Amino acid sequence: MRIALVVHYFAPHIGGMEEVVKKQAESLVAAGHRVTVFTCRPVAGVPLRETTDGYEVRRLRALNFIERKFGVTFPLVSPLTFVRFLWEFRGYDAVHIHDVFYMTSHAAAFAAWVRRLPMYVTQHVAMVDHPSGLVMTVQKLVYGLCGQRIFAQARRIVCYNTNVRDFLLGAGVPGRKILLNYNGVDVAYFSPVDAAQKRALKQKYDLPVDKPVVLFVGRLVPKKGFDIVYAAHDPAWTTLLVGGGHEAAELPEKPGLVFFGSATHERLRDLYRLSDVFVFPAIGEMLTLVMQEAMASGLPVITTNDPAYSQYGLDDTKLHFVERTPQAVGRAIRDVLADTGALEVRSAYARQIALARFSWQANYPQELAIYERETA
């Protein structure tokens with residue numbers, strides 16, 4: 001099959017969705033399919049067209065001031081993109097859209113509808129709480145005007161947690177169209193190291209070797225909870241905030257708190273390995289890619305006490321679920337770090353869950369099977 005993958009941003013732009021699409025493209029190529037990734041150019045200088053790892057990437061020129069102003073990745077593309085995709089999709093057998101929120105998704109769905117191409121969706125998030133009333137209004141409009149039509153058009157919709165599944169059901173998507181699957185990571189690439197290697201990695205990144213490291217990874221926006229981790233910081237540990245976001249520039253520095261910025265795939269593996277605890281008090285996001293990578297790396301996890309986690313049969317004595325407040329997060333960090341014996345147990349449990357549930361190689365075949373009707 002010749003498959004078009006459509007995502008708002010792709011590498012070198014850094015993000016979880018970008019990484020998922022990269023792994024999907026590589027897996028489809030390995031299965032014998034021809035793949036093109038259609039996306040937006042994040043910054044000038046990135047090639048508009050290139051071939052990498054056996055698949056082609058075609059990028060659109062776009063404006064990205066919304067991400068800079070509001071911390072929401074929403075590139076603006078020309079209305080002519082609808083015409084361009086109608087032309088570009090000649091000769092393709094299927095279109096797979098990642099998240100219906102974006103203009104690229106709307107243009108791709110239109111082109112697939114006109115050309116009567118089978119279309120699939122991976123819906124990564126549900127409605128996201130945001131302090132900006134304008135952002136909330138835009139979300140409601142986009143999902144109401146465009147999202148539901150794309151959901152109706154899609155043959156199958158993949159999602160990675162029950163919050164998104166419930167959002168889809170609430171939008172009128174029949175349960176038979178939804179594939180609830182774990183996302184996945186390379187559990188061999190993201191793996192723990194011993195104490196000596198951890199110490200050496202701390203030295204490599206000029207971090208104190210005599211203090212534990214508390215790690216947060218994600219865009220530095222409130223919905224991810226970076227502000228809560230920032231406020232929960234204590235000089236007894238090093239807090240490492242990894243990710244991009246304009247709001248961080250407005251915060252005063254604190255002793256022992258490091259704004260690392262965005263990290264490449266390789267550096268991110270190092271940062272998981274040198275850390276001692278992973279903290280991710282996001283709202284509306286569960287078992288995200290960064291959580292899975294952290295757990296595969298053997299990191300104890302502190303995350304939001306979302307009731308939906310009860311459906312996953314996780315041991316809440318080994319994964320720490322807390323309220324989204326600096327006080328609750330700070331107490332949880334101190335409790336986890338104070339008991340070294342429990343820390344080792346939590347670390348082993350995180351790795352065990354990752355091996356059992358979060359292997360990309362084990363999970364992706366379920367998604368690959370959604371195309372079987374087209375190849376039968």
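Were the residues from Glu250 through His265 laid out at 0.36 nm apart, the gain over their Cα-Cα distance would be 2.7 nm. Counted by neighbouring Cβ atoms within 10 Å, the residues His98, His265 run from fewest to most as His265, His98. Projecting the Cα positions of Tyr55, Thr81, Tyr92 onto the charge dipole of the stretch 1-115 (unit charges on Cβ atoms of Lys, Arg, Asp and Glu, taken about the Cα centre) puts Thr81 furthest along the positive direction.
Sparsely packed loop sites in the stretch 247-351 (the GluC sites (Glu not before Pro) outside DSSP H, G, I, E and B with at most 15 other Cβ atoms within 10 Å) comprise Glu253, Glu323.
Our analysis of the chain gives Rg over Rh at 0.96, with the two radii drawn from alpha carbon positions and Rh computed by the Kirkwood formula.
Computed over the alpha carbons of the stretch 112-227, Rg followed by Dmax gives 20.4, 61 Å. For the chain, the longest principal axis of the alpha carbon atoms and the long axis of helix 340-357 meet at an angle near 20°.
For Arg61 and Arg155 in one chain, what is 0.36 nm times their gap in residues minus the Cα-Cα distance, to one decimal in nm? Let's see the in-between values first.
Details: separation 94, 0.36 × 94 = 33.84 nm, distance 2.92 nm.
Roughly 30.9 nm would be gained on extension.
With Cα atoms as the point set, the radius of gyration and Dmax of the stretch 195-357 evaluate to 14.5, 41 Å.
Return the FRET efficiency for the residue pair Trp87, Ala188: r is the Cβ-Cβ distance, R0 is 41 Å, and the value is rounded to the nearest 0.05.
Numbers: r = 41 Å, r/R0 = 1.00.
Rounded to the nearest 0.05, the efficiency is 0.50.
For Leu80 and Ala348, the difference between the fully extended length at 0.36 nm per residue and the C-alpha to C-alpha distance is 91.3 nm.
Given a Förster radius of 25 Å and the C-beta distance between Ala231 and Thr340 as r, what FRET efficiency does 1/(1 + (r/R0)^6) yield to the nearest 0.05?
On the way: r = 26 Å, r/R0 = 1.03.
So, using R0 = 25 Å, E works out to roughly 0.45.
Note on Lys140: lysines with a C-alpha under 26 Å away, same-chain residues under 8 apart excluded, are Lys69, Lys177, Lys223, Lys224.
Throughout, read-outs are computed from the coordinates displayed, never taken from laboratory work. A quick note: this is a predicted structure, and the numbers were derived from the prediction, not measured. Note: ideal-geometry Cβ built from the backbone for every residue, glycine included; neighbour counts use all protein chains shown.
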